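Visitor: Structure below; questions to follow.
Throughout, read-outs are computed from the coordinates displayed, never taken from laboratory work. Predicted model only: the values in this text are computed from it and were never measured. Reconstructed Cβ throughout: ideal geometry from the backbone, glycine too, with neighbour counts over all protein chains shown.
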Amino acid sequence: MHEALFQPLRLGAIEAANRILMAPLTRGRSEAGSVASAMMIEYYRQRASAGLIISEATGISVEGLGWPAAPGIWNEAQTEAWKPVTEAVHQEGGKIVLQLWHMGRIVHPDFLGGAAPVSASATTAPDHAHTPTGRKPYEQSRAATLADIARIIDDYGRAAENAKAAGFDGVQLHGANGYLVDQFLRAGTNLRDDDYGGSPENRTRFLREVLERLVAVWGKDRVSVRLSPNGDSQGCDDPDPASIFGAAARVCQDAGLGFVELRQPGPEGTFGRTDVPMQDALIRSIYTGPLVLNSDYTAAQAEADVASGRCDAISFGRPFISNPDLPQRIRTGAEWAPNVNVPQSWYLPGSAGYIDYPALEPVS
């Protein structure tokens with residue numbers, strides 16, 4: 001079944017065996033010090049039949065990581081802990097790239113010794129942050145100085161080098177979901193009047209400079225980016241998404257990225273919803289490399305969009321939580337196992353709701 005989804009695909013230098021990708025999923029199972037845990041080895045190994053795994057978002061620095069028990073990649077201990085994860089995926093014949101994350105204003109001061117988080121401008125996210133001592137309202141960020149920007153770009157470069165040392169097949173820049181790169185892109189959170197603010201071209205400068213640093217480490221064909229071009233995300237929005245994300249697509253095209261992934265919820269989305277039109281057609285008219293779409297796909301919808309040429313692959317997120325063998329289930333038409341005890345089991349520590357979902361057949 002779903003023949004189009006099981007054609008091989010070249011994502012830059014990465015050869016994907018199928019077009020069913022695993023989207024990045026924060027799961028909160030890291031150990032103290034933001035170090036990948038032994039459970040994470042099994043978790044990723046179980047899901048290695050994806051054409052490509054995009055890892056959970058992984059912090060590039062202390063400053064950029066504000067999620068309890070999320071992993072990092074800024075020091076040697078973290079780098080060493082990721083090595084058995086990538087080895088396990090490769091032993092199963094899979095491919096895995098590391099998603100690089102700076103949360104910007106979404107980092108609560110509790111993670112920073114009380115200091116204000118950094119963002120494009122001095123703004124405050126709506127709602128509440130998850131902190132080690134419970135949910136707390138976000139606090140106002142401070143606007144990044146030019147020295148901050150240069151330092152953060154260096155942090156991305158160091159994280160990319162560590163990802164290479166850890167054995168990943170490439171890196172993906174997290175440019176979506178209202179985090180730091182997105183905060184620079186969108187007019188609602190970027191109030192700057194310097195070379196990083198104002199016009200769409202200026203607001204994409206930070207994106208371009210980070211990508212240039214990643215490409216310098218990995219080569220353009222092993223670097224990708226995730227964008228969320230339609231609708232509000234954690235209070236991050238833009239009144240003219242076509243303008244800013246058209247400019248972002250041009251940056252991706254000029255950089256020659258291995259692929260671009262878009263998270264695009266619709267009006268009936270089950271995890272975020274919006275009436276803002278999807279921007280994939282515009283982005284595809286500018287960026288000519290492989291395009292991956294994400295958000296609330298069924299197998300039939302995925303097959304239709306790949307077969308029609310709307311995109312080249314689909315990344316599935318939450319379905320991969322409870323279906324470690326999702327490609328096999330799609331191929332055979334088997335029922336998808338539902339997530340249970342959600343969202344608690346997504347983020348709580350322990351193996352329950354993490355590595356205890358059965359596959360159709362034992363994973364060898």
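Visitor: Would you mind pulling out the separation of the Cα centroids of the range 154-177 and the range 272-301, in Å?
Guide: Cα centres, the range 154-177 to the range 272-301: 24 Å.
Visitor: Of the chymotrypsin sites (Phe, Trp or Tyr not before Pro) in the range 255-324, which ones lie in a loop per DSSP and count no more than 11 other C-beta atoms within 10 Å?
Guide: Taking the range 255-324 and a limit of 11 other Cβ atoms within 10 Å, the loop chymotrypsin sites (Phe, Trp or Tyr not before Pro) found are Phe271.
Visitor: For the range 181-252 and the range 18-65, what is the separation of their C-alpha centers, rounded to whole Å?
Guide: Measuring centre to centre over Cα atoms gives 24 Å.
Visitor: Counting pairs of alpha carbon atoms under 8 Å apart in space and at least six apart in sequence, what relative contact order in percent does the chain give?
Guide: Computed over the chain, the figure is 18 percent.
Visitor: Sticking with this structure for a sec: Multiplying the sequence separation of Glu139 and Asp254 by 0.36 nm and subtracting their Cα-Cα distance, what value in nm do you get? Intermediate results must be reported in sequence, preceding the final value.
Guide: Numbers: separation 115, 0.36 × 115 = 41.40 nm, distance 3.61 nm.
Between Glu139 and Asp254, full extension yields an extra 37.8 nm.
Visitor: By counting other Cβ atoms within 10 Å of each Cβ, how are Glu31, Glu335 ranked from fewest to most?
Guide: With the sparsest Cβ surroundings first, the list reads Glu335, Glu31.
Visitor: Run the reach check for Lys95 against lysines, Cα to Cα strictly under 29 Å, same-chain hits fewer than 8 apart removed. What comes back?
Guide: Result set, ordered by chain and number: Lys83, Lys164, Lys220.
Visitor: Please report how far the C-alpha centroid of the range 68-110 lies from that of the range 321-364, rounded to the nearest whole angstrom.
Guide: 21 Å
Visitor: Long-range amide H contacts for Val118: which residues qualify at under 5 Å (H placed 1.01 Å from N, peptide plane, sequence gap of 5 or more or a different chain)?
Guide: Placed amide hydrogens put Arg142 under 5 Å from Val118.
Visitor: A further question follows. Taking the number of other C-beta atoms within 10 Å as the exposure measure, put Ile152, Ile106 in order starting with the fewest.
Guide: Ile152, Ile106
Visitor: Right, something else. Which FRET efficiency value, to the nearest 0.05, is calculated for Asp195 and Ala77 with the Förster distance at 41 angstrom and r the Cβ-Cβ distance?
Guide: After rounding to 0.05, the efficiency reads 0.65.
Visitor: Among DSSP beta bridges lying fully in the chain, give the percent that are antiparallel, nearest 5. The partial results should precede the final answer.
Guide: On the way: 9 of 39 bridges.
In the chain, DSSP labels about 25 percent of beta bridges as antiparallel.
Visitor: Got the relative contact order for the range 218-347 handy, in percent, Cα pairs under 8 Å and 6 or more residues apart?
Guide: Reported as a whole number, the value is 20 percent.
Visitor: Test of understanding: ordering Ile286, Ile41, Ile314 by Cβ neighbours within 10 Å, fewest first, what list do you get?
Guide: Ascending number of Cβ neighbours within 10 Å: Ile286, Ile41, Ile314.
Visitor: Given only helices, namely DSSP H runs of n ≥ 4 each adding -39500 (n - 2.57), what is the per-residue ellipticity at 222 nm of the chain, to the nearest 500 deg cm²/dmol? Could you put the intermediate results ahead of the total?
Guide: On the way: 12 runs with 117 residues, N = 364.
-9500 deg cm²/dmol, from helical runs alone.
Visitor: What is the Cα convex hull volume of the chain when expressed per residue in Å³?
Guide: Spelled out: Cα convex hull of the chain, divided by residues, is 120 Å³.
Visitor: I'd like the Karplus ³J(HN,Hα) series for the range 122-135: coefficients 6.51, -1.76, 1.60, θ = phi - 60°, whole numbers in Hz, and an x wherever there's a Gly or Pro.
Guide: 7, 9, 10, 6, x, 6, 10, 9, 8, 10, x, 10, x, 7
Visitor: Shifting gears a bit: List the relative contact order of the range 72-127 as a percent without decimals, with contacts defined as Cα pairs under 8 Å and 6+ residues apart.
Guide: Computed over the range 72-127, the figure is 20 percent.
Visitor: Right, something else. Run the quick spin-label model on Ala38 and Ser243: label points 7 Å from Cα toward the beta carbon, then report their separation in nm to one decimal.
Guide: Roughly 5.5 nm, to one decimal.
Visitor: Okay, next question. Could you give me the ³J(HN,Hα) list for the range 232-237, computed from phi with Karplus coefficients 6.51, -1.76, 1.60 and θ = phi - 60°, whole Hz, x at Gly and Pro?
Guide: My calculation for the range 232-237 gives 5, 9, 6, x, 9, 8 Hz in order.
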